[in-house]
């Protein structure tokens, strides 16, 4: 299979290129930045670049984007140019070229304000049926791009799947109070309970989406670590999360005590990946419980792929 990967210099883009090459696929790796995993430089904002990049490919994994951290450094117009116009350019070029599968990397940030109930209220149970409530230009442009993906399927018949990924990068939390209160690894593992995925699992979700796109046609899917929680836990999670975690994963307390770690006092949301596991045939390997087992055995909390890609930052 010949696959175009956009955003090849980024966390996910590099991980996709690494994995596709290892399994023997031919990869066209596009980014505005040079990197060992970029074979073609250019911006999807230029429709000629998009047309040239999709020529002769069987499938597209579209991971290029401006991210939430760029909200502080880039004008709104840049988000529209890259996330909306760039995606439209790529969709139109891919449909015209007869691409057989198009997978768009979106984000759980599309849910916006729906993710943050008032303090003391039950945590939000986030499935694909929750309506996004705009918070910032990043989320707004990703929703718009998702809608363009759906339109490309409706009008052109191109199999197009949208993956709403949760946090998978190792960079410090953008909330200063969390950065200051928790060891980075401690916070990373806590987040596997409700709002994070390991990079390897995000990659396998994309590969599963490639395989199922023609059968599904169009769909939106949450890609996050499998949570141990159920709906009936939501009220207590919003008030006393450690007690809920201890009921579901009791071994966490002794291990956290040994590591000098602490659990988050409350959780405001829970991402539910059930639809992605069912429709895509996706089997994520990294969740809170399995990560505790690796830590107890003296292993790293991240996959080998996540460690290989490492930290990149967002403002090069």
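Some notes on this structure:
- Selection from segment 261-307 of residues that are in contact with a helix residue (DSSP H, G or I) (Cβ under 7 Å, 6 or more places away or on another chain), exposed (fewer than 15 other Cβ atoms within 10 Å of the Cβ) and more than 26 Å from residue 127 (Cα to Cα): 296, 300
- In segment 66-77, the residues that are over 21 Å from residue 104 (Cβ atoms) reach residues that are modelled with pLDDT under 75 with C-beta atoms within less than 9 angstrom, at least six apart or across chains, in these pairs: 72/174; 73/314; 73/315.
- Failed item, numbered, when residue 50 is tested on (1) modelled with pLDDT of 95 or more; (2) part of a helix (DSSP H, G or I); (3) within 21 Å of the chain's Cα centre (by Cα): (3)
- Hits in segment 163-180 - residues which are surrounded by fewer than 23 Cβ atoms within 10 Å (Cβ to Cβ) and not in a loop (DSSP other than H, G, I, E, B): 167, 176, 177, 178, 179, 180
- Selected residue (only one of 220, 277 is under 15 Å from the mean Cα position of the chain (by Cα), modelled with pLDDT of 95 or more, outside any helix (DSSP H, G or I) and closer than 30 Å to residue 153 by Cα): 220
- Failed condition for residue 183, given (1) more than 23 Å from residue 10 (Cβ to Cβ); (2) crowded, with 24+ Cβ neighbours inside 10 Å: (2)
- So residue 9, is it modelled with pLDDT of 95 or more, within 21 Å of the chain's Cα centre (by Cα), more than 24 Å from residue 128 (Cβ to Cβ) and part of a loop (DSSP other than H, G, I, E, B): yes
The values are calculated or read from the model by the stated rules, or taken from the named source; none is laboratory data. Keep in mind the model is a prediction, meaning the values are calculated, not measured. All Cβ positions, even for glycine, are placed from backbone atoms using ideal geometry, and neighbour counts span all protein chains on display.
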